[in-house]
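Just below is one structure, and these are the notes that go with it.
The values are calculated or read from the model by the stated rules, or taken from the named source; none is laboratory data. For clarity, every value in this text was computed on a predicted model and none was experimentally measured. A quick note on method: Cβ atoms are made from the backbone with ideal geometry, for glycine too, and the neighbour counts reach across all protein chains shown.
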Amino acid sequence: MTRSSPPSGAVRIGRSPPRAGYPRLKKEWKKSDIRVGSPRACYYILNRKEEDPAMSDPDSVQLATLVDGEDPNAVISEAGRILKFWFDEAVWSPIGSVASDVVGLFDGRFPGYRACDTDYHDIRHTMAVLLATARIADGLFIERSPYDPSLARDLLIAALCHDTGYIRTMDEAGGTGARFTSIHVRRSADFALANAGRWGLDDDSASRVARIIYATGLKGEYDDQAWADDAEREAGSIIASADLVGQMADRAYLEKLLFLYYEFKEAGFPGYETEFDMLRKTMSFYDMTISMLDGRFHGVRSLARRHFAERWGVDRDLYDQSMKRQIDYLRGILDDESTNFRKKLKRMDLELSQPRTA
């Protein structure tokens, strides 16, 4: 597949008008500097010195300043803009339907289900994974060429559904959704399969969405899938990577780890006797995560850098940098025994907002 012959349903490179909400090409670029059909001929690099002084220095841009991760509508809108650059509205339409249903599910408005009651695996986490998935995929499409439209669609649907298994049905009384931690991946895949017809997906797409969801499991599920082809396996690598970098690059990741502690406690995971145990063990989890990202998942996370460079004019992997800042700060917390660790976690009101327990 080449850029001159995109798959059916894809928007031809170089022929799309500027998308609303995206910056235009830098004024200093000359037409002769831009190869027709290249990503630079189609992407609109951020140049907001006059519009937004905070964005005028690419070296100072941080991940959290680009999109409001606390607002599901903002995240869904951004994911839609990214996808619609490559594909037409028909590809996005079922994703939009899934997004509406998933937000409603977490909010307690989906028939037969309770509202989300896990404070770590909440709608904000799902939105972070959706956006990271879209960004990594965007970088891959820039680097090479876009996926078949149906695979791109199913990848984003899988990202939206990947943690729906934490949501309890009306018949599941007692505790919180954290009790399903060890089986939430299977439950999430089952939710997607059960509702695929509602979203207009055929059986093949429903099965593919389920396989991609299974890639987010940490028990070797990625390697266990009967992938249809290399592209589908790569899509599994993208969502698995997005699930990890999306949460660990969150500016409040360290604070949210205390919520994760209570989820693990309810799930009965051994070795987590105190909140501090969760912080301490995160150091080794980070090392394991990097090994998985760059080994099992083939380093696809690095393709996010192409997205940030082409979309925002920031030639850095903002996910990687944010993760490293979090771990550096955590290391300082663990090394300093003079102050209670909670007093150093200031990005959420931990004194007033205690995590929910069963």
Exercise. Could we say that Ile95 is in contact with a Gly (Cβ under 8 Å, 6 or more places away or on another chain), under 30 Å from Asp317 (Cα atoms), among the β-branched types (Val, Ile, Thr) and at pLDDT 95 or above here?
Worked result: yes
Problem set entry | Residues that are outside any loop (DSSP other than H, G, I, E, B), out of contact with any Ser or Thr (no Cβ under 9 Å at 6 or more places or on another chain) and surrounded by fewer than 20 Cβ atoms within 10 Å (Cβ to Cβ), drawn from the range 311-325 | Gln321, Ser322, Lys324, Arg325
For this session: Working carefully through the options Thr282, Thr274, find the one that is surrounded by fewer than 16 Cβ atoms within 10 Å (Cβ to Cβ) and either over 30 Å from Asp148 (Cβ atoms) or among the acidic types (Asp, Glu) (or both).
Result: Thr274
For this session: Looking for whichever is within 23 Å of Ile239 (Cα to Cα), of a type outside the set (Lys, Arg) and out of contact with any helix residue (DSSP H, G or I) (no Cβ under 8 Å at 6 or more places or on another chain) here; the options are Asp171, Asp190, Asp203. Which one fits?
Result: Asp203
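Can you find, within the range 116-144, the residue that is farthest from Ala74 (Cα to Cα) among those that are not in a helix (DSSP H, G or I) and not hydroxyl-bearing (Ser, Thr, Tyr)?
Taking the candidates together, the pick is Arg144.
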Exercise. Based on what the data block shows, is Leu258 at pLDDT below 95 and more than 22 Å from the chain's Cα centre (by Cα)?
Worked result: no
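Please tell me if Ser241 is crowded, with 24+ Cβ neighbours inside 10 Å, within 20 Å of the chain's Cα centre (by Cα), polar (S, T, N, Q) and in a helix (DSSP H, G or I).
Answer is yes for this residue.
Results for (1) in a loop (DSSP other than H, G, I, E, B); (2) more than 23 Å from Met323 (Cβ to Cβ); (3) in contact with a Lys or Arg (Cβ under 7 Å, 6 or more places away or on another chain), shown as yes or no for each residue.
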| residue | (1), (2), (3) |
| --- | --- |
| Leu201 | yes, yes, no |
| Ser207 | no, yes, no |
| Trp227 | yes, yes, yes |
| Ala235 | no, no, no |
For this session: Could you identify the single residue in Arg208, Arg153 that is surrounded by 20 or more Cβ atoms within 10 Å (Cβ to Cβ) and touching a strand residue (DSSP E or B) at 6+ places or on another chain (Cβ under 9 Å)?
Result: Arg153
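Results for (1) polar (S, T, N, Q); (2) surrounded by fewer than 20 Cβ atoms within 10 Å (Cβ to Cβ); (3) farther than 23 Å from Glu89 by Cα, shown as yes or no for each residue.
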site: Ala115; (1), (2), (3): no, yes, yes
site: Asp119; (1), (2), (3): no, no, yes
site: Leu131; (1), (2), (3): no, no, no
site: Ile136; (1), (2), (3): no, no, no
site: Pro149; (1), (2), (3): no, no, no
site: Ile157; (1), (2), (3): no, no, no
